[in-house]
1. Give segment 120-141 a look and list any residue that's away from the ligand (no atom under 16 Å from the Cβ), buried (at least 16 other Cβ atoms within 10 Å of the Cβ) and under 18 Å from the mean Cα position of the chain (by Cα), or say none.
2. In segment 1-47, which residues are of a type in the set (Gly, Ala, Ser) and either surrounded by fewer than 19 Cβ atoms within 10 Å (Cβ to Cβ) or under 29 Å from LYS57 (Cβ atoms) (or both)?
3. Looking at this structure, is SER100 of a type in the set (Ser, Thr, Tyr) and within 16 Å of the ligand (Cβ to nearest atom)?
4. Checking the condition at pLDDT 95 or above, at positive phi and either within 13 Å of the ligand (Cβ to nearest atom) or of a type in the set (A, V, I, L, M) (or both), which residue from GLY193, GLY184 passes?
5. Can you tell me which residue is nearest to the ligand (Cβ to nearest atom) among those in segment 103-116 that are of a type in the set (A, V, I, L, M, F, W, C) and closer than 19 Å to VAL45 by Cβ?
6. Go through segment 10-40 and report how many residues are part of a helix (DSSP H, G or I) and either touching a helix residue (DSSP H, G or I) at 6+ places or on another chain (Cβ under 8 Å) or small (Gly, Ala, Ser) (or both).
7. Being within 20 Å of LEU92 (Cβ to Cβ) and near the ligand (Cβ under 9 Å from one of its atoms) is the filter here, so list the residues in segment 196-220 that pass it.
8. Out of all the residues in segment 1-31, which are touching a strand residue (DSSP E or B) at 6+ places or on another chain (Cβ under 6 Å) and of a type in the set (Lys, Arg)?
Amino acid sequence: MHLRDRVIRAAARVDRDPDTVTIVAVSKGFSRSAVDAAYDAGFRVFGENRVQEIREKYALPCPTDAQIHFIGSLQTNKVAQLLPFIHLLETLDRPELVRSLQRHLEPQDRVLPVMLQVNISGETQKSGASPQAALTLLEEAISAPNLSPVGLMTMAPLNADEATLRSVFGGLRTLRDELQERTGQALLSLSMGMSNDFEIAIEEGATHVRLGRALFGERS
Ligand SMILES: *Cc1c(COP(=O)(O)O)cnc(C)c1O
């Protein structure tokens with residue numbers, strides 16, 4: 001079954017409008033021609049996680065209706081190089097990064113949409129702010145005039161069982177609800193679910209599913 005049909009079925013199971021779910025085509029590790037083919041097949045949002053790879057791959061810009069989401073961990077010394085290429089940062093994970101982004105965006109008079117990456121599962125090797133740190137991080141992002149917080153992002157543990165996946169994805173949604181309530185900031189986007197678990201993520205409220213292997217095949 002085509003990916004889009006799997007999205008539609010998962011959304012239907014929980015009475016959601018499938019148009020509220022965006023597939024982020026995770027093209028990291030794949031060539032520009034793979035991106036262009038995916039664009040021709042109708043995908044418009046691409047996920048990348050390495051600054052150097054982005055600079056090479058998108059030296060020739062994509063059509064203006066394509067968007068690049070950065071989904072990797074971002075060092076502050078790479079912010080200036082990255083900003084010209086991306087439309088949204090999914091991995092805002094620490095106050096230091098808020099300050100660096102604000103400093104670079106302000107002179108350009110540019111507002112960047114961001115998602116806060118939260119480590120819901122608590123695995124120590126996972127990046128992302130802890131759920132406890134998320135409120136402070138969100139408040140910092142709200143007070144940065146050139147950042148626009150739009151939602152939350154998380155990664156589930158690899159090879160987790162369904163109950164664990166549901167508790168991680170449901171946990172991100174619950175945290176989102178709490179943060180919205182406490183700050184008054186609308187956080188409509190929930191980026192969660194990858195090739196192995198995106199249907200469960202959609203049932204739990206994902207607005208963005210990040211699909212690499214399911215779309216492009218195995219990375220070498
Ligand atoms: C690589 C990656 C994905 C895509 O993973 P697949 O298993 O290939 O679908 C999604 N999100 C992030 C943050 C990634 O680094």
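1. Correct list: PRO131, ALA134, LEU137, LEU138, ALA141.
2. Within segment 1-47, ALA12, ALA25, SER27, GLY29, SER31, SER33, ALA34, ALA37, ALA38, ALA41, GLY42, GLY47 meet the criteria.
3. Considered against the rule, which asks whether it is of a type in the set (Ser, Thr, Tyr) and within 16 Å of the ligand (Cβ to nearest atom), SER100 comes out as no.
4. GLY193
5. MET115
6. 12
7. Matches in segment 196-220: VAL209, ARG210.
8. Once the filter is applied, which keeps residues that are touching a strand residue (DSSP E or B) at 6+ places or on another chain (Cβ under 6 Å) and of a type in the set (Lys, Arg), segment 1-31 yields only LYS28.
The values are calculated or read from the model by the stated rules, or taken from the named source; none is laboratory data. Keep in mind that what you see is a predicted model, and the values were worked out from it rather than measured. Using ideal geometry, Cβ is built from the backbone for each residue, glycine included, and neighbour counts are taken over all protein chains shown.
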